[in-house]
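As structure tokens, the structure follows; a few thoughts come after it.
The values are calculated or read from the model by the stated rules, or taken from the named source; none is laboratory data. Since the structure is predicted, the reported quantities are computational estimates derived from the model, not experimental observations. Here the Cβ is made from the backbone with ideal geometry for all residues, glycine too, and neighbour counts use every protein chain on show. The protein model used for the area step is the full one, side chains on, heavy atoms only, and it has no ligands, DNA or RNA in it. Shrake-Rupley method; radii C 1.70, N 1.55, O 1.52, S 1.80 Å.
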Amino acid sequence: MRDDAALRPYEHPWEHIADELRRLDIFIEAGLRSMTAPADDPALDPFRGLVVTETEARRLLHDEGRFALLGDDERQELAAWDDYIASRVASTMKQGIPLPLLRIREAFRLDAWDVRCLVAAMAPDIDRKYEKLYAYLQDDMTSKFASVDLLLRLCCRSERERRDAFPRLLPHSPLFAFLRKEAPDGAARAALSRPIRADERIVAYALGFDWTYAGAMSGMRRYEAADPLPALATDQDAGDRLEAHLRAAVGASAPVVYMIHGPTGSGKTLQARRAAGSIGKGLLEWDAGAAPVEEEPFKETIDAALREARLVGAVPAFDRLHALVAAGDRRIDWLADRLRRHDGPAFLMSENAWQPERPFEDAAWVDVPLRLPEPSTRRRLWREAVGEAFPLPDAEASALAAKFRFTPGRIERTVRTAERLLAWERGTGAEADSPRDAKALHRAGYMQVRHRLGEKAVKLEPKFAWDDLIVPDDTKSLLRQACNRLLYRNVVFGDWGFERKFAYGKGISMLFTGPPGTGKTMSAMVMAREMDAELYRIDLSRMVSKYIGETEKNLSDIFDEAQLSGAILFFDEADALFGKRSEVKDAHDKYANMETSYLLQKMEEYDGLTILATNFAQNLDEAFTRRIQFIVRYPFPDPAQREQLWRSTFPSESPVVHDIDFEYLSRTFDLAGGPIKNVVLTAAFLAAEEGVPIGMKHLIEAVKQEYKKTGKVLLKDRLGAYAE
């Protein structure tokens, strides 16, 4: 080595490792010098390492100084290398060039011996010559990696140092986190003879190579402290408290675990990144839902994740903790045990709050809840996310905020999805005018929702518009009022301050009453189309169970799932549950009344629109109807309305003879909208069978069938000129 070279900084970590290996060679040379060939029979030389001669056995038995002590020349050479490496390291640090080996030493509080041992363990993975040298030094050509014994011989400069260093190669020591025992070859081995090598990740890091996470850690996400961060859209107070607490906890030896919980997209990762950045650290986030199931692989992965966080100077974060809680296994307890031994802060992130059964002793557990943004905040977030991409009037922003109880992250994803939808539609030649652009946000919003309403209810496609709905004007007016309540409720409750006066029961409840076929289901479809909302029909007669508590569970599941998308819930056959309150004679009567009250309570809690439909309004208890905001009555249609129904039921493409007497049909037959549709459809099939346009004879024949089906009597003289 040259004196002037000692002042030159290391330009690459490889140069530093190369000098460390040259220093290691001094110990190897001393070890080779101490080796003595068996003198019994020179013919046994080729079998060195495979047989043990009597001479060698006696030497091992009586030679207490078998351990390779350094000679004077080797000590001088070693001291020169120590000074040389220290000088180059100092020059490198002065230039601000990072050296990974020093980072490892600092982050894990290792000393000089630990570093020498780590270099010795890494050597065979850096230069294959060490495979043969280690095999020779261990007198075993099958041992290509250093054993515990060889590491002690190569890294210790005295017997005393060897004795003090032995515990450092035991599990749970800081150094052992970088080492791994090779899989046994089937032969029983003593602890000192077990081969040990450096972890591949440590080798790559020490050499300054890039690393790609694989296996269970493939979902690892690393965020640098210097990366630009967006401002917090919500929960600014929670973020400020989190940052202040973490800054105060810096330097504490006890672990500090922050349990950040909130719905998907509420900003859990952003909160953790900002807090970690406030202490100058990045964030290393791992999806706990991808964790191995078996105990040992799981614990090893957690240890590797915690080690990696310290290695790269980041705060560890474990995301989707609710996946472990939902699984109901012990992995979450194993994770808590590992965090109890972790030195420093860590983040846990989940959709739901969680706390370990066994409390953290001498550690801090901080609960950080993140809430869904209020409707007024959601309206602002929609406007900010949309920007110039879509024309978004105030009313449309309010409708989106009311319908989708989305977090900031989900709103951002919805806008990006809507942009891709429109790009696809334009590419396929579909129209994409300005009004449709805003509607794309609704379609994209439903794509973000994952609910299970379809398991308990039937989804209805809202194909009808206001012009298709033939009901009295006051009925239609009430329906429009209900739509406007949903459209403008953010203005009234938010901007105008009515939320302070009506903090409970802001949902909209409606009751549709009237004979079958008068337009109750169609009205629900029209409202759903007007508000771009999903519509689900629930048959209450199927929800009611004879088992105590089962009805409430079914209803709770319905409302919980509907909250995700603001769906319109259309409860058909409402009189199955809302009959007149019975006198309590036994437990079943008591619980039947409780079920009714429970449904009303859930309707008041629900932020969306709930519709109850019944054919028998007289069966409903007045105490319940008083709690319904809109009661819409559907009377039996009069002749003028029936004529509208007859005319509107025929599609424009259908072949119809010119002499159909709509006035006669509406005056003669007392049919509501539903039966009229049945008659027209039956007549269409009769005409198609004959291969002729639809005429009066087909309609009269279809009317006869409808009357017979319902058990009504149709006298021949009522048919007049159409009797034949």
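Quick notes on this structure:
- First in the range 501-530 and at negative phi, second anywhere and in a strand (DSSP E or B) and open to solvent by 30 Å² or more (accessible area, probe 1.4 Å), Cβ under 8 Å, 6 or more apart: M510/I631; L511/I631; T513/I631; T513/R633; T521/R537; T521/D572; A524/R537
- Some residue of the range 322-342 being among the charged types (D, E, K, R) and touching a Leu at 6+ places or on another chain (Cβ under 6 Å): yes
- Any hit, the range 351-360, residues being crowded, with 20+ Cβ neighbours inside 10 Å and not polar (S, T, N, Q): no
- Some residue of the range 83-97 being open to solvent by 30 Å² or more (accessible area, probe 1.4 Å), under 26 Å from R160 (Cβ atoms) and at pLDDT 60 or above: yes
- Out of R443, R420, R413, R405, one residue alone is at pLDDT 80 or above, in a helix (DSSP H, G or I) and crowded, with 17+ Cβ neighbours inside 10 Å. It is R413.
- For the range 140-175, the set of residues classified as open to solvent by 40 Å² or more (accessible area, probe 1.4 Å) and either at positive phi or without any contact (Cβ under 8 Å) to a residue 12 or more places away in the chain (or both) consists of R160, R163, D164, P167, L170, P171, H172, listed by residue number.
Yes/no per residue for (1) in a loop (DSSP other than H, G, I, E, B); (2) within 19 Å of the chain's Cα centre (by Cα):
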{"position": "A231", "(1), (2)": "yes, no"}
{"position": "E243", "(1), (2)": "no, no"}
{"position": "G265", "(1), (2)": "yes, yes"}
{"position": "R273", "(1), (2)": "no, yes"}
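- In the range 604-626, the residues that are assigned to a helix (DSSP H, G or I) and either at pLDDT 85 or above or within 44 Å of the chain's Cα centre (by Cα) (or both): E604, E605, A623, F624, T625
- Residues in the range 279-319 that are of a type in the set (G, A, S), open to solvent by less than 40 Å² (accessible area, probe 1.4 Å) and in a loop (DSSP other than H, G, I, E, B): 2 in all.
- R330 vs. criteria open to solvent by less than 30 Å² (accessible area, probe 1.4 Å), farther than 16 Å from V257 by Cβ, touching a residue at least 24 places away in the same chain (Cβ under 8 Å) and more than 18 Å from the chain's Cα centre (by Cα): no
- Checking G505, G517, G494 one by one, the residue that is among the small types (G, A, S), modelled with pLDDT under 85 and not in a helix (DSSP H, G or I) is G505 and no other.
- Boolean, R222 is closer than 30 Å to E11 by Cβ and in a strand (DSSP E or B): yes
- Inter-residue pairs, beta-carbon under 7 Å, first more than 13 Å from A18 (Cα to Cα) and among the hydroxyl-bearing types (S, T, Y) and in the range 79-90, second open to solvent by 40 Å² or more (accessible area, probe 1.4 Å) and assigned to a helix (DSSP H, G or I), 6+ apart: S87/L7
- Scanning the range 101-157 for residues being part of a loop (DSSP other than H, G, I, E, B) and either of a type outside the set (D, E, K, R) or touching a Pro at 6+ places or on another chain (Cβ under 9 Å) (or both) gives a total of 11.
- Lone unmet requirement of (1) touching a helix residue (DSSP H, G or I) at 6+ places or on another chain (Cβ under 9 Å); (2) modelled with pLDDT under 80; (3) of a type in the set (K, R); (4) not in a helix (DSSP H, G or I) for R489: (4)
- Taking residues in the range 333-349 that are open to solvent by less than 20 Å² (accessible area, probe 1.4 Å), and partners anywhere that are small (G, A, S) and assigned to a helix (DSSP H, G or I), the pairs with Cβ atoms closer than 6 Å and at least 6 places apart or on different chains are F347/A272.
- Elements of type helices (runs of 4 or more DSSP H) contained in the range 627-724, each with 1 or more residues being in contact with a Pro (Cβ under 9 Å, 6 or more places away or on another chain) and in contact (Cβ under 8 Å) with a residue 60 or more places away in the chain: 639-649, 673-690
- All positions within the range 463-479 that are within 26 Å of L400 (Cβ to Cβ), free of Cβ contacts under 8 Å to residues at least 24 places away in the same chain and open to solvent by 50 Å² or more (accessible area, probe 1.4 Å): D467, S477
- Residues in the range 522-569 that are among the hydrophobic types (A, V, I, L, M, F, W, C) and assigned to a strand (DSSP E or B): L535, I538, I568, L569.
- Cβ separations smaller than 6 Å between residues 6+ apart or across chains give the following pairs from the range 395-418 residues that are more than 17 Å from R450 (Cα to Cα) and among the small types (G, A, S) to residues that are open to solvent by 30 Å² or more (accessible area, probe 1.4 Å) and at pLDDT 85 or above: A397/R383.
- The residues of the range 287-327 that are aliphatic (A, V, I, L, M) and free of Cβ contacts under 8 Å to residues at least 12 places away in the same chain, listed by number, are A326, A327.
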